[in-house]
Amino acid sequence: MRPFHRLRPDLSSLRWKIAALAAATACLVVAAVGVLVHVWTARDIRSRAEARAFNAVYSAMDVYRRTATLADGAELDPAELPAALRHPTDGDRHTAYDGRVDGNVGPSFWAAQRTGGPDSPVLAVQVNMSSELYDLRRLDVSMTVASLVAVAAAVPLAVYGAGLLARRLRQVAETAGRISAGDLDARTGPTKGRDEVADIATTVDRMADSLGHLLRTERRFTADVAHELRTPIGGLLAAADLLPAGETEDLLRARVRDLRGLVEDLLEISRLDAGAERPVRARVPLGAVVSEAVARTGLDTEITVAEAEAAQTVETDPRRLERIVSNLVVNAHRHGGTPVKVTVEGRTVVVRDHGPGFPRELLIHGPRRFQTGAKERGTGHGLGLTIALGQARLLGAELRLDNAPDGGAVATLRLPA
């Protein structure tokens, strides 16, 4: 039977998420550093160009006033002079940025100062920043290449580190899945480190230890109670034989037989839980074994065995196979609806009724002991499906519970090859 609520961890994408996050973080850091360096360098270039222009005007003005000649590339009222410097209102030095690009002449800084009175010409000096801006572009390219190299180196490291984390989490998830499937001996084993994953693994192991202890205690208690009840129930049956025949004696016998059946079922479940049962395999005709099991129930059940497969033999434990089929048929009559049909095809046995179907909780969580899911239609003690599931596991068979699309419960038993 398929495990109910099987944990199917899919942590492979976690490594890529972590790697993508690391790559995105590296890109953001690189971009932020690149922008900061670019902005800082550009501001430094402009500041130095402005200082050079300012000092050059001072030197050129000194030469012009002493010798009436132009030095250091100075010009008087040049045509390219920015409008802000054409008509200064005082005799102080002023600077202005010119972002125009004309051929090989790129952005520049101008510095200007009036040579004399209000109507005197303006002496100006231009400092071109083309070479510095070219160096800035080379710096940007170098930083971009270095950033790509750094990201290319960081991503594999992030993938590797995320893979280590994902493998550890996958191990913990697989262990939890085995525990939920009934393997109470599953453990994550010794874990390295003291991080959160190690804490989770340790917690899962402790939970498994506690759960295993509780279940073993419960199983031992159930087995002890069932074993101790066999003697008084035998005494009740003997005492019932001494009662005079009548309705009271028949009712008492029926109730004692039900109680004895419950005790035998509890003992059977206890043995299955404890792993004390061992199948006795033999090659038997599947159709004949199923037909015999249905007949022993004494219930009106339609059975179909394909003629071509009537002689199909399987290697299994016939007693346990009969137990599974009879429990499924009795459950179908008790909690389902007629007609109940049993079909044998190949190595598959299908038991179907036409009632309301299995409850949703049973399909999700699997059969639970002492829970029939249909209290209004019967009083059964709810151990039939649990026993059928345990016996199927013992035989290595798969027992699947579903509901038919057009209504009714369907139990499918597939025997191993």
#### Entry: Residues satisfying the stated conditions in the stretch 386-402, i.e. in a strand (DSSP E or B) and closer than 13 Å to residue 351 by Cβ
399, 400, 401, 402
### Task
Answer with yes or no whether residue 73 is part of a loop (DSSP other than H, G, I, E, B) and more than 24 Å from residue 133 (Cα to Cα).
no
### Summary
Those residues of the stretch 85-98 that are out of contact with any helix residue (DSSP H, G or I) (no Cβ under 8 Å at 6 or more places or on another chain) and either part of a loop (DSSP other than H, G, I, E, B) or under 12 Å from residue 124 (Cα atoms) (or both) come to a total of 8
#### Entry: Positions within the stretch 79-103 being of a type in the set (Gly, Ala, Ser) and under 60 Å from the mean Cα position of the chain (by Cα), in sequence order
99
### Query
Among (1) of a type in the set (S, T, N, Q); (2) within 30 Å of residue 35 (Cα to Cα); (3) touching a strand residue (DSSP E or B) at 6+ places or on another chain (Cβ under 7 Å), where does residue 147 come up short?
(3)
### Test: residue 350 is in contact (Cβ under 8 Å) with a residue 24 or more places away in the chain, among the β-branched types (Val, Ile, Thr) and either open to solvent by less than 20 Å² (accessible area, probe 1.4 Å) or part of a helix (DSSP H, G or I) (or both)
no
### Task
Count, please, the residues in the stretch 322-347 that happen to be open to solvent by 30 Å² or more (accessible area, probe 1.4 Å), closer than 24 Å to residue 395 by Cα and assigned to a helix (DSSP H, G or I).
4
### Query
Would you pick out the residues in the stretch 41-70 that are open to solvent by 50 Å² or more (accessible area, probe 1.4 Å), part of a helix (DSSP H, G or I) and farther than 17 Å from residue 97 by Cα?
58, 62, 64, 65, 66, 67
## Note on the structure
Of the residues in the stretch 244-264 that are open to solvent by less than 40 Å² (accessible area, probe 1.4 Å) and among the small types (Gly, Ala, Ser), the one that is farthest from residue 232 (Cα to Cα) is 246
### Query
List the pairs whose first member sits in the stretch 391-404 and is at positive phi, whose second member is open to solvent by 20 Å² or more (accessible area, probe 1.4 Å), and whose Cβ atoms are under 6 Å apart, counting only residues at least 6 apart or on separate chains?
396/416
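The values are calculated or read from the model by the stated rules, or taken from the named source; none is laboratory data. Keep in mind the model is a prediction, meaning the values are calculated, not measured. Neighbour counts run over all protein chains shown; Cβ positions are idealised from the backbone, glycine included. To get the accessible areas, we keep the full protein, side chains included, count just its heavy atoms, and leave off ligands, DNA and RNA. Shrake-Rupley method; radii C 1.70, N 1.55, O 1.52, S 1.80 Å.
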